[in-house]
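One structure below.
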Amino acid sequence: MDCLFCKIISGEIPSSKVYEDDMVYAFKDINPMAPVHILIVPKQHLSSMNDISAENSAVVAHIFEVAAKLAKEFGIDESGYRVVSNCGADAGQTVFHLHFHLLGGTKLKVEMC
Ligand code: AMP
Ligand code: ZN
């Protein structure tokens, strides 16, 4: 499959990996929007939130567990952080492999829409 994040997970395309286990892969965003900007992705290819179902949703809970662990590791657990997943055109999704942005290290703008 011609998917950028599948290629990053397989190592075909290099990335700044910060965490990996059997279910998820986490790496630094190439175009950081905050001092800490990490992408956490399931190893299984799911295109977006639209692909989450009862069969595969355990990985989402695991991603949030990893996000909390990485927030501690990167020293933003006390100062605060945000976890975001963009789904589809109106949300500005550009890579169609489900991913969660972990953002922190500065006062984040509050923009819901
Ligand atoms: P989204 O707009 O929510 O689909 O987010 C996609 C994110 O992937 C953007 O923040 C990009 O900066 C990031 N990105 C694109 N290519 C790479 C790459 N090769 N390595 C790391 N991050 C990337
Ligand atoms: Zn993929």
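The values are calculated or read from the model by the stated rules, or taken from the named source; none is laboratory data. Predicted, not measured: the structure shown is a model, and the values here were computed from it. Don't worry about glycine lacking a Cβ; one is built from the backbone with ideal geometry, like all the others, and counts go over all protein chains shown. Just so you know, the surface numbers come from the protein's heavy atoms only, side chains and all, with ligands and any DNA or RNA stripped out. Shrake-Rupley method; radii C 1.70, N 1.55, O 1.52, S 1.80 Å.
Looking only at Cβ-Cβ distances, which cysteines of the chain have no other cysteine closer than 4.7 Å?
When partners are defined as cysteine Cβ atoms under 4.7 Å apart, the chain leaves Cys87, Cys113 without one.
Holding the Cα-Cα limit at 21 Å, pick out from Lys17/Lys69; Lys28/Lys72; Lys7/Lys28; Lys17/Lys43; Lys28/Lys107; Lys7/Lys69 the pairs that are longer than that.
Over 21 Å apart, Cα to Cα: Lys7/Lys69.
Just name one of Pro14, Val83, Val110: the one whose Cα is farthest towards the positive end of the charge dipole of the chain (beta-carbon charges, Lys/Arg +1, Asp/Glu -1).
Val110
Can you work out the accessible area per residue across the chain, with the rest of the protein chains kept in place, probe 1.4 Å, in square angstrom? Let's see the in-between values first.
Details: 6810 Å² over 113 residues.
Normalised by residue count, the accessible surface of the chain is 60 Å².
Quick check: the angle from helix 58-73's long axis to the longest principal axis of the chain, C-alpha only, nearest 10 degrees?
30
How large is the convex hull of the Cα atoms of segment 1-57 per residue, expressed in Å³ as a whole number?
Spelled out: Cα convex hull of segment 1-57, divided by residues, is 105 Å³.
Determine the sum of side-chain charges near Lys69: Lys and Arg each +1, Asp and Glu each -1, restricted to other residues whose C-beta is under 14 angstrom from that of Lys69.
In short, -4.
Considering all projection directions equally, how large on average is the shadow of the alpha-carbon convex hull of segment 52-113, in square nanometres?
Reported value for the Cα convex hull: 5.1 nm².
List the residues whose amide H sits under 5 Å from the amide H of Ser47, counting only those 5 or more places along or on another chain, with H placed 1.01 Å from N in the peptide plane.
Leu98
If you wrap a convex hull around the Cα atoms of the chain, how much volume per residue is inside, in Å³?
111
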